[in-house]
1. Sorting check: for B:293-302, B:366-375, which peptide has the highest mean count of neighbouring beta carbons within 10 Å, and how do the rest follow?
2. Would you mind checking the radius of gyration and Dmax of chain B based on alpha-carbon positions, in Å?
3. Angle, helix B:160-176 long axis vs. longest principal axis of chain B, Cα atoms, 0 to 90°, nearest 10?
4. Counting only other chains, and only Cβ atoms inside 10 Å, what mean value do you get across the residues of A:154-160?
5. I need the calculated FRET efficiency for the pair B:D261 and B:D364, taking r as the beta carbon distance and R₀ as 30 Å, to the nearest 0.05.
6. With a 1.4 Å probe and every protein chain left in place, tell me how much accessible area A:L133 has, in Å² to the nearest 10.
7. What list of ³J(HN,Hα) couplings, whole Hz, do you get for the range A:114-124 from phi and the Karplus terms 6.51, -1.76, 1.60, once you set θ to phi - 60° and write x for glycine and proline?
8. So if each residue of separation counts as 0.36 nm, and I subtract the Cα-Cα distance between B:D274 and B:D217, what length gain in nm does that give?
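The values are calculated or read from the model by the stated rules, or taken from the named source; none is laboratory data. Predicted model only: the values in this text are computed from it and were never measured. Ideal geometry is used to build each Cβ from the backbone, glycine not excepted, and the neighbour counts take in all protein chains shown. Surface accessibility is based on the protein's heavy atoms, side chains included, excluding ligands, DNA and RNA. Shrake-Rupley method; radii C 1.70, N 1.55, O 1.52, S 1.80 Å.
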Amino acid sequence: MRFQLAALVLAGFVLAACETTPDGGGSASGTGAATANAGGSASSSVSSQSLSGGVQPGSPEDLAVNVGDRVLFGFDRFDLSAEARDTLEKQSVWLKRYPNGTIVISGHTDERGTREYNLALGERRATAVKNYLVALGIEPSRINTISYGKERPVDPQSSESAWASNRRGVTQIDSMGAKLSN
Amino acid sequence: MSASPPVTCAVMAVAALFASGLAWTPGAEAQLKVDITRGNVEPLPIAIPFFSNFGGTGGVVGGAGRAENLGRDIATVISADLVRTGLFRAIERNAYISEDVSLRVQPKFANWRLINAQALVVGGAEIMQKGDLKVTFRLWDVFGQQQLVGLRLTTSPGNWRQIAHRIADSIYKRITGEDGYFDTSVVYVSEYGPARRRIKRLAIMDQDGANHRFLTDGKALVLTPRFSPTAQEITYLSYVAGRPRVYLYNIDTGQQEVLGDFPGMTFSPRFSPDGNKVVMSMAQEGNSEIYSMDLRTRQVRRLTQHPAIDTSPSLAPDGRRMVFNSDRGGSQQLYVKNFSGGKAKRISFGSGRYATPVWSPRGDLIAFTKIMSGEFGIGVMRPDGSGERVLATGFLVEGPTWAPNGRVLMFFRQSRRTAGKTGGEPKLFSIDLTGYNERIIATPRDASDPAWSPLKR
């Protein structure tokens, strides 16, 4: 029971965070239903705690806000820019600080490609992120990948800037409501 | 759908029905013909009076009225099927001079000539003793004064729509020389909700939008359904439990099963023309390759071997060749290779990128999606890459699927999504191979990824 309550509190916390930071997208399908349920029952009772709690070390918000949870790609590209490599180096330091727990990297594309090709391209991007983190010393067994192709845009508009932000690889803690521990 | 009893069908012997010796003889070869290889044909004027109840009530109280209602509905569905092809124009019923629509006598052709009906469909509907519905019809060439088709079909009354589609199919075939495509279904992805977390469900409907129903509940993201050419089965991609894999769905039982035990994401599935195999991509470590799975033995065979993306496989009707999408040359293009092995040969050489190749059931053409200059197009080319034609263009058009006769394509069209949060809703469209007669397919919600069924049996 206590564990459940904790999960609810954290889920509510994640929901609150989603209001202000860009949605990672990758979490949407796998755990979206659970988030919605937990949020519905817990949001009112946990709001004060999540606001006063701030960003907890090892949490998804810590990764998103203080490290950077995503890297962006060029059109139809899956090579990592200098900026992307810099972000991933920060991620690897963070992941080494919290060596327990797994992450999932989701690969995404913009809407200017066909669905099936974009699934393959998203998988390439997720793998490019994974391989770089592994090269930086993260255990491959800690990393799962998933491709959503063009199914989960972070910005749904049809514009160059939206497409640029949608061509992304997002690193997330594997189970919703969890945080990595050290 | 297939749980209902089959439609039985009998070609009516002209001699038997006109044994009383009506003074008319079939003329020379019929002149009534629509050439559907030309796009902008003048639609053929056709008269389709409501099918009459010519007596049978099945001994049931209300049987006559029921037959009459069915007769009216059947004529309406036949007319809608034919008009949607763009090849026929239904003459308004209030223009009819006579309603002499008996099946037992020759029509008064003069009355139909006066309103310029070139073809006349006369039919009757009857409820039989066991409650079966018996539908009889004749297609007449008004100016040639001869019968072109005569058929009697029997089924349960609940199947009346299928009867109507079969009749429309036989009329279409007799007049165009091509097989019809009206007694078919379409499976597609029904969508709603915000773009960031779109809810997608598999849905199925008759080709005219009737008998719509959902197949999945929307909990898992589903994409790219395809019909089996031989069975009541669909293969598609589902994100069940956060693991994107190719699934098989049995339409009759509602059972779903994952296909194979692959270490990576499987996607872009498609049945082989004999229905015995599913070809699909598997992505692992950043590389997508094409595999074939035998549905009976479950044996898996790898069909491509290249560090590039290889996806969207589609087999020729004879099953010997495969067209697929690859960026092995630097950008997305179409390649053909023998199913048994050998080298892949690039067939797309126009400007832009090419994707989603689909071999026509006739074998003569490959449909594709094309991306060039910020616009998408649906087009066709011959299997050697020659004769490319773009049929439809737009901000986003994608995912062509062939009608079983290889004359009509369905695809989806999506508009630009603006800051005002308007646009972006995908809808299904059909278009003739000539590039004419583009029509929206009405669906309850937004719709993408259509797949046309084979003709029902």
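1. Going from most to least packed, we get B:366-375, B:293-302.
2. Considering chain B through its Cα atoms, Rg and Dmax are 24.2, 78 Å.
3. 90 degrees
4. Going residue by residue through A:154-160 and averaging, the value is 5.
5. 0.20
6. That residue has around 0 Å² of solvent-accessible surface.
7. 7, 4, 6, 4, 5, 4, 5, 5, x, 5, 4
8. Values: separation 57, 0.36 × 57 = 20.52 nm, distance 2.97 nm.
Going from the current span to full extension adds 17.5 nm.
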